[in-house]
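Since the structure comes first, as structure tokens, the remarks are kept for the end.
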Amino acid sequence: MSAIIENHELGGQHVSERIEELRIQDLHAFYGESHALHGIDLTVCQGELVTLLGRNGAGRTTTLRAIVGLIGRRTGSIMVKGTEVINTAPHIIAHLGVGYCPEERGIFASLSVEENLMLPPRVAAGGMSVEELYDMFPNLAERRRSQGTRLSGGEQQMLAMARILRTGANILLLDEITEGLAPVIVDKLTEVLIALKARGYTVVLVEQNFRFAAPLADRHFVMDHGKIVATIRQDELAAKQHIFDKYLSV
Amino acid sequence: MLTDLLGIPPQVLFGQLLLGLINGAFYAVLSLGLAVIFGLLNIVNFSHGALYMLGAFATLALVQFFGIGYWGALVLAPLMVGALGIVIERLLLRRLVGVDHLYGLLLTFGLALVIEGTFVKLFGASGIPYAAPAALSGGVNLGFMFLPWYRAWVVLASVVVCLATWLLFERTKIGAYLRAGTENPKLLQAFGVNVPMLTTLAYGYGVALAAFAGVLAAPITQVNPLMGSNLIIVVFAVVVIGGMGSIIGAIVTGLAMGMIEGLTKVFWPEASATVIFLVMAIVLILRPAGLFGKTA
């Protein structure tokens, strides 16, 4: 339980004293000819929950995809737990303890719910057991024999989360996990994220739903046109409201 | 009896059905290999017929140079040709990831021409006989036809290999990887699965299946450098009917098309060479993704 108190008390203020799980420097990423990220710098420490906020096309999803190695051409530096991965193949990056939940959820139609859940290989010790996960997401237990894509949108999202929690990954990259979901499911995901923070997971959350993200996050990185334009700590939210208004209002 | 009504002796009907089943066994194993390859590589492997032929030639070579007989060849020839497949994938096909499908088609087609051309040059276009294993000589009189044991073995061995492949795909962890890799290889790799290695193994396995069919065929058809190019066109029609990349589709359609061909030989012998293409045309009109294919 001490982890909860520590996280809560520290917030984002003393991050520099803690272990860097992710350090990105001058990251550029390209889709073919188009230059999608223009020099990202960010650091996330162990146990921190940060968000990438911004409008569509600001480069948030691209940042996550670059970290897991799904962007063909990227330059700069991405250190995961102290290992440089800028030229590393995706399957090796995953084994450093990175769990990725893509925006489209990526549930496999030709796999059952349970097969989807069991699919990602273990990347580290200390993942949650299947029982724990079915406890956390009872709907998945009921529908374990169903085809993965027959689940409702909310259930698919839970499956996409659950399957990376099983692997022992402790850096979670979550892309728009609340998108298009009913409020009751969003509440459930809030609960899950609080539980994950308590367990010491490091989380990078790409989010549109500011109301969902604001109370959970230690820091917010505001992105625009492939750059980080502002970093806002949780205790500065009120003071820096104008930044959100400028970059997030549609 | 139905056969009496149609004026066709049951011997002829069942005889052709059984012969059809034997052809169908080859269609099934070959189209299964194509399905495995198409799933992960997204390549229509036009060199499949040539690799099937290499399986039969490997069988010959094993007995001539090493004195290894049929049963040894049944295991070794697929391994040898499969290893060649792995080399082909690593050296050539891997370079085509991300480019238009047409390049994969051209490369594998060119490869087939090179392999077959080389073998015609070396061995001529006439067949070289290969004796069936002694344990499978003779046969059984089924009443309506005489069934050589070797042909019964071909059907049995093919069905066992097809079922084993299906179980591998549907019931094992590696099968889950293969299915997921067919749908979304990038995400699977981001989860920590070595997809490039999986792809190489899938190609090797598909090629090994072709070579396995080649070993089975050696005592039946004689070993001939063009034995694959004759067969492969029908097999592509089978793959289209079953649905590109569908494992169960390849197996069921392969066996069924062999039997439909056999039936046609009874009722309208002249059409038996075209009936599969007719079925293909009808399927393409009604279900463009194939009988077992997923409409994307």
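The values are calculated or read from the model by the stated rules, or taken from the named source; none is laboratory data. Values in this document were obtained by computation on a predicted structure and should not be read as measured data. Cβ: placed from backbone, ideal geometry, glycine included. Neighbour counts: every protein chain shown. The area values use the complete protein model at the heavy-atom level, side chains included, leaving out ligands, DNA and RNA. Shrake-Rupley method; radii C 1.70, N 1.55, O 1.52, S 1.80 Å.
Were the residues from B:LEU156 through B:ALA273 laid out at 0.36 nm apart, the gain over their Cα-Cα distance would be 39.6 nm. Using a Gaussian network for chain B with springs between C-alpha atoms less than 10 Å apart, which of these wobbles most: B:VAL266, B:VAL207, B:VAL239? Evaluated over chain B, the most mobile residue of the options is B:VAL266. A crude spin-label estimate for the pair A:SER129 and B:LEU226, with each label 7 Å from Cα along the Cβ direction, gives 6.6 nm. Protection proxy ranking, highest mean first, for peptides B:28-38, B:93-103: B:28-38, B:93-103, where packing is the per-residue count of other beta-carbon atoms within 10 Å, averaged. The share of alpha-carbon pairs in the stretch B:1-153 lying farther apart than 24 Å comes to 50%. Residue by residue along B:169-179, Cβ atoms of other protein chains within 10 Å of the local Cβ number 3 on average. Taking N as the residue count of chain B, its C-alpha radius of gyration divided by 2.2 N^0.38 Å amounts to 1.01. Once backbone amide H atoms are built at 1.01 Å from N, B:GLY127 has no partners under 5 Å, excluding neighbours fewer than 5 places away on the same chain. A prolate overall shape is assigned to the protein assembly as shown, the ratio a/c of its alpha-carbon gyration tensor axes (a ≥ b ≥ c) being 1.5 or greater and a/b exceeding b/c. Site pair B:LEU263 and B:ALA281 shows an inter-label distance of 1.9 nm when each label is modelled 7 Å from Cα along Cα→Cβ. Rounded if a/c is under 1.5, else prolate if a/b beats b/c, else oblate: with a ≥ b ≥ c from the C-alpha gyration tensor eigenvalues square-rooted, which is the stretch B:80-127? Here the stretch B:80-127 falls in the oblate category. Inter-chain neighbour count for A:117-130: the average number of beta-carbon atoms from partner chains within 10 Å of each residue's beta-carbon is 2. Between amide H atoms placed 1.01 Å from N, distances below 5 Å from A:LEU22 occur with A:VAL44, A:LYS81, all of them 5 or more places distant or on a separate chain. Among the DSSP helices (H) of chain B, those spanning at least 24 angstrom by Cα along their long axis with an average Kyte-Doolittle hydropathy of -1.0 or more are B:10-41, B:48-66, B:70-91, B:101-123, B:149-171, B:195-221, B:247-267; this is a geometric and hydropathy rule only. Mean sequence separation of contacting Cα pairs (under 8 Å, at least six apart), scaled by the length of chain A, corresponds to a relative contact order of 27 percent. The charge dipole of chain A, taken about its Cα centre with unit charges on the Cβ atoms of Lys, Arg (+1), Asp and Glu (-1) only, comes to about 420 debye.
Keeping every protein chain in place, order A:ARG18, A:ARG74, A:ARG122, A:ARG55 by accessible area at 1.4 Å, biggest value first, i.e. largest first.
A:ARG122, A:ARG55, A:ARG18, A:ARG74
Sorted by average packing, counted as other Cβ atoms within 10 angstrom per residue and highest first, what order do B:61-72, A:75-86 take? Mind dumping the intermediate values first?
Details: B:61-72: 13.9, A:75-86: 15.9.
With the highest mean Cβ count within 10 Å placed first, the list reads A:75-86, B:61-72.
Applying 1/(1 + (r/R0)^6) with R0 = 25 Å to the Cβ-Cβ distance of B:ALA289 and A:GLU104, what FRET efficiency is obtained, to the nearest 0.05? Once the sixth-power term is evaluated, E becomes 0.70.
Take every Cα pair under 8 Å whose residues are at least 6 apart in sequence, average their separation, divide by the length of chain B, and the relative contact order is 38 percent.
The mean count of C-beta atoms from other chains within 10 Å of the C-beta of residues in A:87-99, rounded to a whole number, is 4. Computed from protein heavy atoms with a 1.4 Å probe, the total accessible area buried between A and B is close to 1800 Å². Number of Lys-Lys pairs in the protein assembly as shown with C-alpha atoms under 19 Å apart and a separation of 8 or more places or on different chains: 5.
The accessible surface of the protein assembly as shown, taken with every protein chain in place and a 1.4 Å probe, is 63 percent carbon and sulfur. In summary, the stretch B:79-174 shows an alpha-carbon radius of gyration equal to 1.58 times the 2.2 N^0.38 Å reference for compact globular proteins. Spatially, the stretch B:108-134 and the stretch B:173-226 are offset by 23 Å when compared through their Cα centroids.
Remark: chain A carries 42 Å² of accessible area per residue (probe radius 1.4 Å; ligands, DNA and RNA excluded).
Binning at 10 Å from 0, report for the stretch B:48-88 what percent of all alpha-carbon pair distances ends up in each bin. Reading the bins upward from 0: 34, 54, 12. Taking max minus min of the alpha-carbon positions on each principal axis, the stretch A:33-96 gives extents of 30, 29, 17 Å, largest first. One equal scatterer on each Cα of chain A, no solvent, Debye formula: the resulting log10 I(q)/I(0) at q = 0.09, 0.13, 0.14 Å⁻¹ is -0.37, -0.80, -0.94.
So what's the net charge close to B:GLY98: Lys and Arg +1, Asp and Glu -1, counting the other residues with Cβ under 13 Å from its Cβ?
Details: positive: A:ARG73, B:ARG94, B:ARG95, B:LYS186; negative: B:ASP100.
It works out to a net charge of +3.
Per residue, the solvent-accessible area of the stretch B:186-248 (1.4 Å probe, heavy atoms of protein chains only, all protein chains present) comes to 26 Å².
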